[in-house]
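The values are calculated or read from the model by the stated rules, or taken from the named source; none is laboratory data. Quick caveat: nothing in here was measured; it's all calculated off a predicted structure. Note: ideal-geometry Cβ built from the backbone for every residue, glycine included; neighbour counts use all protein chains shown.
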Amino acid sequence: MATFDYESIPIYYESYGEGEPILILNGIFMSCASWQGFIPAFAQHNRLLLLDLADQGRSGRLDHEYTQELQERIVIGFLDHLGLATCHVCGISYGGEVAIRVAARHPGRVGKLVLSNTTAYTSAWLRDIGHSWEYAMNSHDGHQFFATCIPYVYSPGFYESREQWAHDREAMFARVFTAEVYDAFARLTRSAEDHDERANLGRITAETLVISSQWDFITPLPNQLELVAGIPRAGHAIIQDCGHAGMYEKPTEFTALVLGFVNSDTASIAID
């Protein structure tokens, strides 16, 4: 519902509710609009902050290559713009990679950290998935983009049970997405190709929850276990019967995990 300029890039954001702020960082194909159904629950007791990173959603499109270091700086610039010394951060996939950078390099700015379906580094597996996505994006064809990129984001059971819904989305992509959108997706994908924060996980001081999915084919479970092992104060939850887009397949479980973790005061619990 507002924008601020970061290095001449208009960055779009939305703010809802009051209370402890929670900032959500999107996956590559997501935007602020992706979270509309979650707003009532997340804004009931918290200030929910939604942010489109560069080349996402309603934020500015770039005309050059960049790395996730730019997105990290945008997040810090956003917190400064709002006058927030600290903020809870929930990163999804690509957004989780950016969140790792923020938490490792600016530990004082992150209250609690949620990393959902993300990874500490771009493995050969993920790199080549990204290359296949780029081929589809470069076609500027919504049907090819959908067939190449989207089915693997979901678990087989979820996709099978919602086949008509999926093909309605395919038709929407073909109708709505422009060449500019596909080119932005491709730049976002390339910006993550050199992502490797494994050596920096130990610098994260925030209490962290890693959320995994049983059938995540994009960032598989071993990637999540590596995060849990490398981050000093990390806990772990696995959502069963669910794919990479855990928030969509199991929204109740996802919401309960994030809000329960962020809003719990475990320091006050004494076990005799």
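Taken over the range 7-38, the residue count meeting the criterion of being more than 15 Å from the chain's Cα centre (by Cα) and under 14 Å from C90 (Cα atoms) is 2.
Yes/no per residue for (1) of a type in the set (S, T, N, Q); (2) not in a helix (DSSP H, G or I):
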residue: Y159; (1), (2): no, no
residue: W165; (1), (2): no, no
residue: M172; (1), (2): no, no
residue: E180; (1), (2): no, no
residue: T189; (1), (2): yes, no
residue: D194; (1), (2): no, yes
residue: Q224; (1), (2): yes, no
residue: L227; (1), (2): no, no
residue: G243; (1), (2): no, yes
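Might you check whether a residue that is over 26 Å from S212 (Cβ atoms) and either out of contact with any Ser or Thr (no Cβ under 8 Å at 6 or more places or on another chain) or at pLDDT 95 or above (or both) occurs anywhere in the range 20-38? No, every residue in the range 20-38 fails to be over 26 Å from S212 (Cβ atoms) and either out of contact with any Ser or Thr (no Cβ under 8 Å at 6 or more places or on another chain) or at pLDDT 95 or above (or both). Give E253, E193, E197, E226 a once-over and let me know the one that is free of Cβ contacts under 8 Å to residues at least 60 places away in the same chain and acidic (D, E). Every option except E253 fails the conditions. Give me the pairs, please: first residue somewhere in the range 21-49 and more than 20 Å from L82 (Cα to Cα), second residue anywhere and among the acidic types (D, E), beta-carbon distance under 7 Å, and either six or more positions apart or on two chains. So the pair list comes out empty.
Filtering the range 42-51 for residues that are surrounded by fewer than 21 Cβ atoms within 10 Å (Cβ to Cβ), among the charged types (D, E, K, R), out of contact with any strand residue (DSSP E or B) (no Cβ under 8 Å at 6 or more places or on another chain) and farther than 14 Å from T189 by Cα leaves an empty set. Taking residues in the range 128-145 that are closer than 17 Å to E180 by Cβ, and partners anywhere that are assigned to a loop (DSSP other than H, G, I, E, B), the pairs with Cβ atoms closer than 6 Å and at least 6 places apart or on different chains are G142/F177. T219: in contact with a Leu (Cβ under 9 Å, 6 or more places away or on another chain), farther than 24 Å from P151 by Cα, of a type in the set (S, T, Y) and not in a helix (DSSP H, G or I), yes or no? Against the criterion (in contact with a Leu (Cβ under 9 Å, 6 or more places away or on another chain), farther than 24 Å from P151 by Cα, of a type in the set (S, T, Y) and not in a helix (DSSP H, G or I)), T219 does not qualify. When you check V114 against the structure, is it in contact with a Cys (Cβ under 6 Å, 6 or more places away or on another chain), crowded, with 21+ Cβ neighbours inside 10 Å and among the β-branched types (V, I, T), yes or no? So V114 fits the description; yes. Looking across the range 74-100, just one residue is more than 13 Å from the chain's Cα centre (by Cα) and of a type in the set (D, E, K, R), and that is D80.
If the requirement is being more than 18 Å from M247 (Cβ to Cβ), surrounded by 19 or more Cβ atoms within 10 Å (Cβ to Cβ) and either of a type in the set (A, V, I, L, M) or more than 16 Å from the chain's Cα centre (by Cα) (or both), which of these qualifies: L188, L225? That would be L188, the only listed residue that is more than 18 Å from M247 (Cβ to Cβ), surrounded by 19 or more Cβ atoms within 10 Å (Cβ to Cβ) and either of a type in the set (A, V, I, L, M) or more than 16 Å from the chain's Cα centre (by Cα) (or both).
Selection of the range 19-66 for residues being among the basic types (K, R) and either part of a loop (DSSP other than H, G, I, E, B) or on the phi > 0 side of the Ramachandran plot (or both) yields R58, R61. Candidates in the range 1-41 are the residues that are over 30 Å from T122 (Cα atoms) and charged (D, E, K, R); of these, the one that is surrounded by the most Cβ atoms within 10 Å (Cβ to Cβ) is E20.
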